[in-house]
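Data block below; observations after.
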Amino acid sequence: MEETTPIPGIIYYQPAAGSQVTGLDGKVVLPLGPEPLPLLDEDYQKLAGEAPGYDAVGRGIYQALRSDPGCRHCERYAQMLKGYPHYVSELATHVLMLGEKDVEVPYLERRVKLLKVLSLMEPQDGNFPLEIGATLLEQGLRFSALHLSTVTLYKAEAYLEKALRLAPDLMKAKSTLAEVYFLLGKYEKAAALWRELLPGVEEKTLAELNARLERIEKGEVPRVPAVDYLEAIACSMSLREEGAFQEAAAILNDVMADAWFALEFPMAEIPYLLALCCLDMGGAGDARVYLRQALRLNPDFPEAKSLLEKLQQ
């Protein structure tokens with residue numbers, strides 16, 4: 001058997017040349033091979049020398065793709081999965097559910113995996129790489145995953161560029177890619193996309209885009225690419241966990257000192273983290289100042305609000 005991708009719970013089966021499976025009362029006929037087929041371990045154990053049936057094949061390829069949508073022969077497996085409409089429906093439902101909720105990073109990673117399967121099934125549809133890129137952008141800005149923001153944002157860039165190659169008129173792809181370009185310090189590329197968007201945006205958004213374009217033209221941009229600051233914030237969080245409170249606070253103060261970064265990315269979490277560092281060092285007064293600053297940026301920041309109330313008692 002040729003090389004395969006190891007996946008927990010999966011055993012590969014080599015189908016005989018020219019074999020096939022049928023399902024849905026003969027409405028679906030799937031030729032098998034020459035690629036090895038992923039089967040669930042329990043389905044493989046039940047074969048007893050017989051070829052797997054329609055249901056077993058579906059369970060196996062569905063599990064393999066959900067576990068690793070980049071596995072060997074993923075394109076072939078994805079096309080076979082189109083013969084299982086109940087799995088396709090389940091995939092789409094999970095993607096929609098995960099897109100409608102404010103979920104944690106592991107669920108964003110799950111959504112990306114499922115979108116990759118759908119993209120393999122419809123490789124000419126630009127909407128799937130668009131949604132992958134947009135989800136990766138969201139993931140790259142989550143504080144719990146900032147240490148991976150550079151890698152995540154470059155992946156987002158690749159998928160969003162692919163979306164525009166497939167569908168050059170996707171407005172959401174242009175606006176999302178412009179944000180990614182800006183985060184990566186590719187200001188001229190971001191500006192070019194924003195200029196393309198100007199004729200079709202609402203008045204409020206138009207004013208915001210024109211202001212950003214004007215700042216780019218004047219060179220009023222962060223001293224370093226914003227993604228570097230995101231990685232620096234992640235570093236400060238690690239330093240604080242290790243007890244290096246002064247070093248963590250110094251990094252956060254350096255980030256906040258860049259006025260253009262603060263203008264483009266008003267993140268309430270930064271002064272909140274500084275407040276925590278101040279408390280770690282016994283500076284309750286300074287902590288209150290930073291907490292008020294965090295609440296000016298985000299009045300609905302529950303952790304900042306609760307901590308400030310506690311310090312004011």
Residues of the stretch 238-272 that turn out to be in contact (Cβ under 8 Å) with a residue 40 or more places away in the chain and open to solvent by less than 30 Å² (accessible area, probe 1.4 Å), as a count = 1
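Would it be correct to say that D300 is closer than 24 Å to G243 by Cα, modelled with pLDDT under 95 and open to solvent by 60 Å² or more (accessible area, probe 1.4 Å)? First the steps, then the outcome.
Details: closer than 24 Å to G243 by Cα: no; modelled with pLDDT under 95: yes; open to solvent by 60 Å² or more (accessible area, probe 1.4 Å): yes.
Spelling it out, it is not the case that D300 is closer than 24 Å to G243 by Cα, modelled with pLDDT under 95 and open to solvent by 60 Å² or more (accessible area, probe 1.4 Å).
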Out of the stretch 235-273, which residues are closer than 20 Å to L297 by Cα, of a type in the set (G, A, S) and assigned to a helix (DSSP H, G or I)?
-> A249, A259, A262
Answer yes or no: is there a residue in the stretch 70-85 that is of a type in the set (D, E), closer than 26 Å to A158 by Cα and within 21 Å of the chain's Cα centre (by Cα).
-> no
Result of the Cβ filter at 9 Å on the stretch 145-159, keeping first residues that are without any contact (Cβ under 8 Å) to a residue 12 or more places away in the chain and partners that are β-branched (V, I, T) and part of a helix (DSSP H, G or I), at least 6 apart or interchain, is none
Within the stretch 280-294, track down each residue that is in a helix (DSSP H, G or I), in contact with a helix residue (DSSP H, G or I) (Cβ under 7 Å, 6 or more places away or on another chain), of a type outside the set (D, E, K, R) and surrounded by fewer than 17 Cβ atoms within 10 Å (Cβ to Cβ).
-> A284
Restricted to the stretch 86-116, and to residues that are touching a Lys or Arg at 6+ places or on another chain (Cβ under 7 Å) and farther than 19 Å from L153 by Cα, which residue is least open to solvent (accessible area, probe 1.4 Å)?
-> V95
Subset of the stretch 245-260 [closer than 11 Å to M281 by Cβ and hydrophobic (A, V, I, L, M, F, W, C)] = F245, A248, A249
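The values are calculated or read from the model by the stated rules, or taken from the named source; none is laboratory data. This is a predicted model, so every value here is computed, not measured. Note that we place each Cβ from the backbone using ideal geometry, even for glycine, and neighbour counts take in every protein chain shown. Note: accessible area is taken over every heavy atom of the protein model, side chains too, but ligands, DNA and RNA are not part of it. Shrake-Rupley method; radii C 1.70, N 1.55, O 1.52, S 1.80 Å.
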